[in-house]
Amino acid sequence: LPRHILSALQIPRVTQARASTDYAFHLDDVFWSTSLQPGSPYKPNAEEVLPEREILIATLSTGPVSPGDAINYTNTQHIMKCCRGDGVIWSYDNPTAVSTFDDDHPLNVSATKCHDLSICLWYVSPLIKFSSSTKYALLGEWNKWTAMSSQQVIGINNYIGINLALITVYGLVSEVVPILVFHSTLSIVNVTCRMHPDEGEAQLVVADDRVGCY
């Protein structure tokens, strides 16, 4: 009820609430990472049509990410798209940010591709231009739902005058992280960043003629 929601705003420990009918058992308490899980108590022939969509919504909302699979029905690959190898969930600083598109900056959504049985997700990255006119855009970790997070990319230094960008990537010790970078000369570059064995960091370098991680 509204009064419960308003009361909860004054209690820091309350982090989420449910809105399903009559507090009954319901699949939306958690999510399934696979479509069919025989023997579930919810209803006959219960099915999660798009498991990845449920994980995506839970992740991007920055709310609870709660797999509720039966034993032996967990799709680890689907679930791990939300987080780092140790379970830290990559989150956006502001999941409610609004991007405005108009005639000069269009976003065309095809009804034949985006519907109830599909997932349509766009990422927008700023295009940085060096003095040499070389441009780049940091696209992030391509195999995660949160491609760019300040938890992972902890520093971006653009030295426009000398045509250089130094980007600090943070992760687990010795972790290997694939990062995509758009480069106006080199096209889309898939860079493999291996975290330092002591510090858990790597330096991504973008220049006129190269993109690399060290």
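Pick from 6, 1: which is among the hydrophobic types (A, V, I, L, M, F, W, C), modelled with pLDDT of 70 or more and over 25 Å from residue 69 (Cβ atoms)? Give the steps one after another, and end with the answer.
Values: 1 fails: modelled with pLDDT of 70 or more.
The match here is 6.
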Could you look through segment 72-96, keep only residues that are among the small types (Gly, Ala, Ser) and touching a residue at least 60 places away in the same chain (Cβ under 8 Å), and pick out the one that is surrounded by the most Cβ atoms within 10 Å (Cβ to Cβ)? 91
Pairs where the first residue, in segment 38-56, is of a type in the set (A, V, I, L, M) and the second is not in a strand (DSSP E or B), C-beta under 6 Å, 6+ apart: 46/40; 55/78; 55/82; 56/145
Counting just the residues of segment 135-155 that are of a type in the set (A, V, I, L, M) and surrounded by 15 or more Cβ atoms within 10 Å (Cβ to Cβ), which one comes out nearest to residue 56 (Cα to Cα)? 147
Cβ-Cβ under 6 Å, sequence separation 6+ or interchain: first residue in segment 132-147 and farther than 16 Å from residue 93 by Cβ, partner assigned to a loop (DSSP other than H, G, I, E, B) and among the charged types (D, E, K, R). Which pairs? 132/208; 134/208
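If we keep just the residues of segment 107-134 that are β-branched (Val, Ile, Thr) and at pLDDT 95 or above, which is surrounded by the most Cβ atoms within 10 Å (Cβ to Cβ)? Walk me through how you get there before you give the answer.
So the first thing to find is which residues in segment 107-134 are β-branched (Val, Ile, Thr), and the list is 109, 112, 119, 124, 128, 134.
With the extra rule that they be at pLDDT 95 or above, the set shrinks to 128, 134.
Values: 128: 16, 134: 18.
Here the residue is 134.
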Any pair with Cβ under 6 angstrom, 6 or more apart, that starts in segment 116-130 at a residue that is of a type in the set (A, V, I, L, M, F, W, C) and ends at one that is modelled with pLDDT of 90 or more and part of a loop (DSSP other than H, G, I, E, B): 130/163
Take the residues of segment 168-192 that are aliphatic (A, V, I, L, M) and touching a Cys at 6+ places or on another chain (Cβ under 9 Å): which is surrounded by the fewest Cβ atoms within 10 Å (Cβ to Cβ)? 176
Considering segment 23-66, residues that are on the phi > 0 side of the Ramachandran plot and hydroxyl-bearing (Ser, Thr, Tyr), and then whichever is modelled with the lowest pLDDT, we arrive at 23
Matching residues, segment 85-104, being farther than 26 Å from residue 175 by Cβ and among the hydroxyl-bearing types (Ser, Thr, Tyr): 96, 99, 100
Single residue of 175, 141 found to be touching a Gly at 6+ places or on another chain (Cβ under 8 Å), acidic (Asp, Glu) and within 26 Å of residue 64 (Cβ to Cβ): 175
Among 147, 137, the single one that is touching a His at 6+ places or on another chain (Cβ under 9 Å), under 19 Å from residue 179 (Cα atoms) and modelled with pLDDT of 90 or more is 137
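The values are calculated or read from the model by the stated rules, or taken from the named source; none is laboratory data. Bear in mind that the values here come from a model prediction, so they are computed numbers and not experimental data. Neighbour counts are summed over all protein chains in view; Cβ atoms, including those assigned to glycine, are modelled from backbone coordinates with ideal geometry.
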